[in-house]
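Enquirer: Below is one structure. I have some questions about it.
The values are calculated or read from the model by the stated rules, or taken from the named source; none is laboratory data. In this text, all values refer to a predicted model and were calculated from it rather than measured experimentally. Glycine gets a Cβ as well: all are built from the backbone with ideal geometry, and neighbour counts include every protein chain shown.
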Amino acid sequence: MNAPPRLPGQVGGDLRYLLNDFARTPGVRHAVLLSMDGLAMLWSDGLGRDTAERLAALTCSALGTGRALAKEVGESDQRGGQLICQFPSGGHFVVGAIGMTAGIGVSVEPGANLPAVVNDLQRLIGGVGARLAPQPLHAPGGGQA
(Lines give C-alpha, C1' and ligand atoms only; values in the text may rest on other atoms or scores of the structure.)
Protein backbone atom coordinates (compact mmCIF):
# COMPACT_ATOMS: atom_id res chain seq x y z
CA MET A 1 0.00 0.00 0.00
CA ASN A 2 1.35 3.46 -0.90
CA ALA A 3 2.05 6.04 1.77
CA PRO A 4 -0.24 9.08 1.70
CA PRO A 5 1.18 12.26 0.16
CA ARG A 6 3.19 14.20 2.73
CA LEU A 7 2.22 17.76 3.55
CA PRO A 8 4.80 20.21 4.95
CA GLY A 9 4.80 20.05 8.77
CA GLN A 10 3.06 23.34 9.63
CA VAL A 11 0.58 23.02 6.74
CA GLY A 12 -0.23 19.42 7.66
CA GLY A 13 -0.79 20.36 11.32
CA ASP A 14 -3.00 23.31 10.40
CA LEU A 15 -5.05 21.21 8.00
CA ARG A 16 -5.46 18.36 10.48
CA TYR A 17 -6.78 20.86 13.04
CA LEU A 18 -9.20 22.38 10.49
CA LEU A 19 -10.40 18.96 9.33
CA ASN A 20 -10.97 17.64 12.84
CA ASP A 21 -12.69 20.86 13.87
CA PHE A 22 -15.04 20.52 10.89
CA ALA A 23 -15.66 16.83 11.70
CA ARG A 24 -17.12 17.96 15.04
CA THR A 25 -19.95 19.70 13.14
CA PRO A 26 -23.20 18.06 14.33
CA GLY A 27 -24.15 15.29 11.91
CA VAL A 28 -20.69 14.82 10.35
CA ARG A 29 -19.37 11.27 10.74
CA HIS A 30 -15.98 11.80 9.16
CA ALA A 31 -14.10 13.64 6.43
CA VAL A 32 -11.17 12.92 4.15
CA LEU A 33 -8.93 15.41 2.31
CA LEU A 34 -7.55 14.05 -0.93
CA SER A 35 -5.23 14.96 -3.76
CA MET A 36 -6.68 15.04 -7.26
CA ASP A 37 -5.04 11.72 -8.06
CA GLY A 38 -7.29 10.12 -5.44
CA LEU A 39 -4.82 9.68 -2.60
CA ALA A 40 -5.90 10.41 0.97
CA MET A 41 -3.77 13.23 2.41
CA LEU A 42 -5.54 13.65 5.76
CA TRP A 43 -8.63 12.23 7.39
CA SER A 44 -10.60 13.00 10.52
CA ASP A 45 -9.84 11.25 13.78
CA GLY A 46 -11.62 7.94 14.13
CA LEU A 47 -11.49 7.09 10.42
CA GLY A 48 -9.10 4.26 9.62
CA ARG A 49 -6.46 4.61 6.93
CA ASP A 50 -7.90 1.86 4.70
CA THR A 51 -11.36 3.42 4.77
CA ALA A 52 -9.87 6.88 4.19
CA GLU A 53 -7.99 5.62 1.13
CA ARG A 54 -11.11 3.99 -0.34
CA LEU A 55 -13.19 7.12 0.31
CA ALA A 56 -10.49 9.29 -1.26
CA ALA A 57 -10.46 7.21 -4.44
CA LEU A 58 -14.26 7.24 -4.66
CA THR A 59 -14.41 10.97 -3.91
CA CYS A 60 -11.87 11.64 -6.66
CA SER A 61 -14.04 9.69 -9.09
CA ALA A 62 -17.12 11.67 -8.02
CA LEU A 63 -15.23 14.96 -8.48
CA GLY A 64 -14.32 13.91 -12.01
CA THR A 65 -17.93 13.04 -12.73
CA GLY A 66 -19.08 16.36 -11.29
CA ARG A 67 -16.62 18.31 -13.42
CA ALA A 68 -17.70 16.42 -16.54
CA LEU A 69 -21.36 17.12 -15.74
CA ALA A 70 -20.59 20.80 -15.15
CA LYS A 71 -18.93 21.04 -18.53
CA GLU A 72 -21.90 19.37 -20.24
CA VAL A 73 -24.37 21.85 -18.75
CA GLY A 74 -22.25 24.85 -19.71
CA GLU A 75 -20.55 25.61 -16.40
CA SER A 76 -17.34 27.44 -17.28
CA ASP A 77 -15.70 27.35 -13.82
CA GLN A 78 -14.24 23.85 -13.39
CA ARG A 79 -12.31 24.65 -10.19
CA GLY A 80 -14.99 24.09 -7.59
CA GLY A 81 -18.43 22.79 -6.87
CA GLN A 82 -20.12 20.15 -4.79
CA LEU A 83 -21.87 16.87 -5.35
CA ILE A 84 -24.28 15.48 -2.77
CA CYS A 85 -25.30 11.82 -2.69
CA GLN A 86 -28.37 10.96 -0.62
CA PHE A 87 -28.92 7.41 0.59
CA PRO A 88 -32.17 5.61 1.50
CA SER A 89 -31.22 5.74 5.20
CA GLY A 90 -31.26 9.54 5.02
CA GLY A 91 -27.50 9.85 5.20
CA HIS A 92 -25.53 11.89 2.70
CA PHE A 93 -22.06 11.94 1.24
CA VAL A 94 -20.89 15.40 0.23
CA VAL A 95 -18.04 15.85 -2.22
CA GLY A 96 -16.34 19.23 -2.48
CA ALA A 97 -13.67 20.44 -4.85
CA ILE A 98 -10.82 22.56 -3.53
CA GLY A 99 -9.74 24.33 -6.69
CA MET A 100 -8.08 22.04 -9.20
CA THR A 101 -5.64 20.54 -6.70
CA ALA A 102 -7.62 18.74 -4.03
CA GLY A 103 -11.00 17.57 -2.84
CA ILE A 104 -12.84 16.61 0.29
CA GLY A 105 -15.36 13.87 1.01
CA VAL A 106 -17.71 14.06 3.99
CA SER A 107 -20.00 11.36 5.39
CA VAL A 108 -23.13 12.88 6.97
CA GLU A 109 -25.46 11.06 9.37
CA PRO A 110 -29.18 10.57 8.68
CA GLY A 111 -31.24 13.50 9.94
CA ALA A 112 -28.31 15.94 10.04
CA ASN A 113 -28.90 19.57 9.17
CA LEU A 114 -27.43 19.34 5.67
CA PRO A 115 -27.48 23.11 4.94
CA ALA A 116 -25.47 23.71 8.14
CA VAL A 117 -22.98 20.96 7.22
CA VAL A 118 -22.57 22.36 3.69
CA ASN A 119 -22.12 25.89 5.08
CA ASP A 120 -19.37 24.69 7.44
CA LEU A 121 -17.85 22.70 4.58
CA GLN A 122 -17.64 25.88 2.47
CA ARG A 123 -15.73 27.59 5.28
CA LEU A 124 -13.42 24.59 5.57
CA ILE A 125 -12.77 24.56 1.82
CA GLY A 126 -11.85 28.25 1.96
CA GLY A 127 -9.39 27.66 4.79
CA VAL A 128 -7.91 24.50 3.30
CA GLY A 129 -7.62 26.01 -0.18
CA ALA A 130 -5.64 28.96 1.13
CA ARG A 131 -3.16 26.61 2.83
CA LEU A 132 -2.82 24.29 -0.17
CA ALA A 133 -2.26 27.13 -2.65
CA PRO A 134 1.33 27.41 -3.87
CA GLN A 135 3.24 30.24 -2.21
CA PRO A 136 4.55 32.97 -4.54
CA LEU A 137 8.24 32.81 -5.36
CA HIS A 138 8.55 36.60 -5.55
CA ALA A 139 6.79 39.38 -3.73
CA PRO A 140 4.90 41.98 -5.81
CA GLY A 141 7.30 44.55 -7.20
CA GLY A 142 9.97 42.02 -8.16
CA GLY A 143 11.60 41.43 -4.76
CA GLN A 144 12.11 38.06 -3.11
CA ALA A 145 9.21 36.82 -0.97
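Enquirer: Just to check your reading of the model, which residue among Glu75, Glu53 is buried (at least 19 other Cβ atoms within 10 Å of the Cβ) and either closer than 22 Å to Gly126 by Cβ or at pLDDT 90 or above (or both)?
Expert: Numbers: Glu75 fails: buried (at least 19 other Cβ atoms within 10 Å of the Cβ).
After ruling out the rest, the residue left standing is Glu53.
Enquirer: Would you mind listing the strands (runs of 3 or more DSSP E) fully within the range 17-117 where at least 3 residues are out of contact with any helix residue (DSSP H, G or I) (no Cβ under 7 Å at 6 or more places or on another chain)?
Expert: 82-86
Enquirer: So for the range 36-49 (the condition being under 20 Å from Arg16 (Cβ atoms) and modelled with pLDDT under 90), does at least one residue qualify?
Expert: Checked the range 36-49: at least one residue is under 20 Å from Arg16 (Cβ atoms) and modelled with pLDDT under 90.
Enquirer: From Leu58, Leu63, which residue is under 11 Å from the mean Cα position of the chain (by Cα) and hydrophobic (A, V, I, L, M, F, W, C)?
Expert: On the way: Leu58 fails: under 11 Å from the mean Cα position of the chain (by Cα).
The conditions single out Leu63.
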